[in-house]
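Read the structure below first, then the notes.
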Amino acid sequence: ETGVTQTPRHLVMGMTNKKSLKCEQHLGHNAMYWYKQSAKKPLELMFVYSLEERVENNSVPSRFSPECPNSSHLFLHLHTLQPEDSALYLCASSQDGASKVDTQYFGPGTRLTVL
Amino acid sequence: DAKTTQPPSMDCAEGRAANLPCNHSTISGNEYVYWYRQIHSQGPQYIIHGLKNNETNEMASLIITEDRKSSTLILPHATLRDTAVYYCIDRTSYGKLTFGQGTILTVHP
């Protein structure tokens, strides 16, 4: 247990569905992250939030919409996804995101399958 | 792109030390080296990090060369549960961990 939880753990959705992934951290951290891990590919950073402000968006398509209502919760809203969006989506948190000595702790991930 | 290079795979016998090398020849003076591991389909797990000095914690030891161009992660007594992909990462910018392909470590009985 890392103190970062993600729900659901598995999700199957059609291309016309709208769904949301949820991440919660119990570590008192101020920065939260979404990563994507496709099959046979390295983790890719999608979004970074620090103190509920988005500080990085790595050219992610608009069909992925993040939301950070407070420093403990992070959502990823999904709509009109494509089959190639099927991947493991990982959430992470860290103390502040600004320091180079700022360890990120990851959740278990949500395995998403888009049909 | 990741600026570190690691061997794609390594084997280790259970109970023996696993020594995982990493080359980070372009690392700058104030960048830390981080190690994570990922067991199949789970989230990456933080192992250890260091700047210049060797570091040790309950999971592993990290040996960094004096010129900081390479490092070695040491698992002193590998178990079957240590089978995973191990990532060596140098922090490049704000909040960013750039993961490469890592080293697949297989611990066998």
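One Cα centroid belongs to the stretch A:1-59, the other to the stretch B:1-73; the line between them spans 25 Å.
The calculated FRET efficiency for residue A:18 paired with residue B:13, based on their beta-carbon distance and R0 = 45 Å, is about 0.35. Scanning chain B for trypsin sites (Lys or Arg not before Pro) that sit in a DSSP loop and have at most 13 other Cβ atoms within 10 Å, the longest stretch containing none of them is B:70-109.
Across peptide A:82-94, the mean count of Cβ atoms from other chains lying within 10 Å of each residue's own Cβ comes to 1.
Which of the cysteines in chain A are isolated, no other cysteine C-beta under 4.7 Å? Result for chain A is A:68, no neighbouring Cys Cβ within the cutoff. Taking every residue in B:33-44 and counting other chain Cβ atoms within 10 Å of its Cβ, the average works out to 4. Straightening the chain between residue B:26 and residue B:104 buys 25.8 nm, computed as 0.36 nm per residue apart minus the Cα-Cα spacing. Annotation: the protein assembly as shown has a Kirkwood hydrodynamic radius of 18.1 angstrom, from the mean reciprocal C-alpha pair distance.
In the stretch A:1-46, which trypsin sites (Lys or Arg not before Pro) are in a loop and have at most 14 other Cβ atoms within 10 Å, using DSSP for the loop call?
On the way: sites: A:9, A:18, A:19, A:22, A:36, A:40; in loops: A:9, A:40.
Those that pass, being in a loop and sparsely packed, are A:9, A:40.
Exposed loop GluC sites (Glu not before Pro) only (DSSP loop, at most 12 other Cβ atoms within 10 Å): please give the longest stretch of chain B free of them, not including the sites.
Values: sites that count: B:58, B:66.
In short, B:1-57.
For chain B, the list of Cys residues with no other Cys C-beta under 4.7 Å reads B:12.
Each reported figure results from applying straightforward, stated rules to the coordinates on display, with no laboratory input. This is a predicted model, so every value here is computed, not measured. Every residue, glycine among them, receives a Cβ derived from its backbone with ideal geometry; neighbour counts consider all protein chains shown.
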